[in-house]
1. Roughly speaking, what is the stretch gain from residue 149 to residue 315, that is 0.36 nm per residue apart minus the C-alpha to C-alpha distance, in nm to one decimal?
2. Given bins 10 angstrom wide, list per bin the percent of all Cα-Cα distances in the stretch 59-100, short to long.
3. Helix-only estimate, please: 222 nm mean residue ellipticity of the chain, summing -39500 (n - 2.57) across DSSP H runs of length 4 or more and dividing by its residues, to the nearest 500.
4. Could you tell me the extents of the stretch 72-220's C-alpha atoms along the three principal axes, largest first, rounded to whole Å?
5. Evaluate the distance, in nm, between pseudo-label points positioned 7 Å from the Cα of residue 237 and of residue 340 along their respective Cα→Cβ axes.
6. Quickly work out the residue 88-to-residue 104 label distance, labels modelled 7 Å from Cα along the C-beta direction, and quote it in nm with one decimal.
7. Indicate the gyration tensor shape class of the stretch 152-266 (rounded, prolate or oblate), computed on the Cα atoms with a ≥ b ≥ c the square roots of the eigenvalues: a/c under 1.5 is rounded; otherwise a/b larger than b/c is prolate and the rest oblate.
8. Relative to the compact-globule scaling 2.2 N^0.38 Å, provide the ratio for the alpha-carbon radius of gyration of the stretch 257-299.
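Only the coordinates and a few stated rules stand behind these numbers; no lab work does. Computed from a predicted structure; not experimentally measured. Here the Cβ is made from the backbone with ideal geometry for all residues, glycine too, and neighbour counts use every protein chain on show.
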């Protein structure tokens, strides 16, 4: 973790140099749920367009673009708190991992639940830490996917969903769910024309062995149909083209399309400890025309691993290059700079973390995608009623089958 006592000195050092790269620490430890910041904690300073140059070395390219091109965007910086934490059995797994990458790094074996590489030596090892990070066991909730258009209007897509993380389960052997990372089902609430439509997704770990599976329940004929697998840069429904399938959760799925380079570890200003955002009700005060209301967001200095993904010459994808900034404690991707085929920065993503103390685990169910070509922005995962999700949902694997989906639709 980032050593708090050194934070101020390292921060000043970063401002005086062009690089804030840190050395990886084999003795890194997780933080504590008890260190969650108080709601009334006062910020340290604010970054705006006028003082952007002072903090440029600590900001992602996407954040700098937002500050430089948005009329009212700013970043409010708070004291740093190390709140990434996992249950003891996951922490024990991570201390004794002996994972092995296979098939040119596109699959992995001999892993225990939890991030596989304590101190990654390659970009692929780092991105597998994100893919297999612990996110809880069973979670349910309701959330919004909101597109905010350049004229200030917005559209809303709302679902009631449940997710069971098979990979993180410590005690059961789910033979019928071999190589499965997670299973998710969701019911559309809004818009009305799609209400009662149900979806079932089975996301696999090694996708070169078993592809993900996807089913849809149609309320009219009351039937379930297995659908074509959507992955990579296929557009996510109700995202108006701003969200690709493999940018859900910042990055998911097979890493096969990219060459992965580990740039290094660095102190940066990142979105972190956004408990406030996780409990806000959605209204016009939150959804500004160019961005979310900056007063609703919290940024801190944290250590991140920087990983750059460059599209392979024989592959196609909307994004020719992606630069990811991974939290050094939780391995959650916190920010992503996304480049088009001409290598121009044209989108930027942030993930907003908070700590679910009843598990405990740091999660990031809310993410935002900003489009720099005049298409507005998309916020995905906002809560619907100002309360937390249920991180101890009572779910079992047999609730996530096509037959169960059909029954729940009747």
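1. Details: separation 166, 0.36 × 166 = 59.76 nm, distance 3.13 nm.
The span from residue 149 to residue 315 would gain 56.6 nm if fully extended.
2. 20, 25, 19, 24, 12
3. -3500 deg cm²/dmol, from helical runs alone.
4. In descending order, the Cα extents are 49, 46, 31 Å.
5. For the pair residue 237/residue 340, the computed spacing is 2.8 nm.
6. Here the answer is 4.4 nm between the modelled labels.
7. Details: a/c = 1.94, a/b = 1.22, b/c = 1.59.
Oblate shape, in that a/c is at least 1.5 and b/c is the bigger or equal ratio.
8. On the way: Rg = 15.5 Å, N = 43, 2.2 N^0.38 = 9.2 Å.
In units of the 2.2 N^0.38 Å rule of thumb, it is 1.69.
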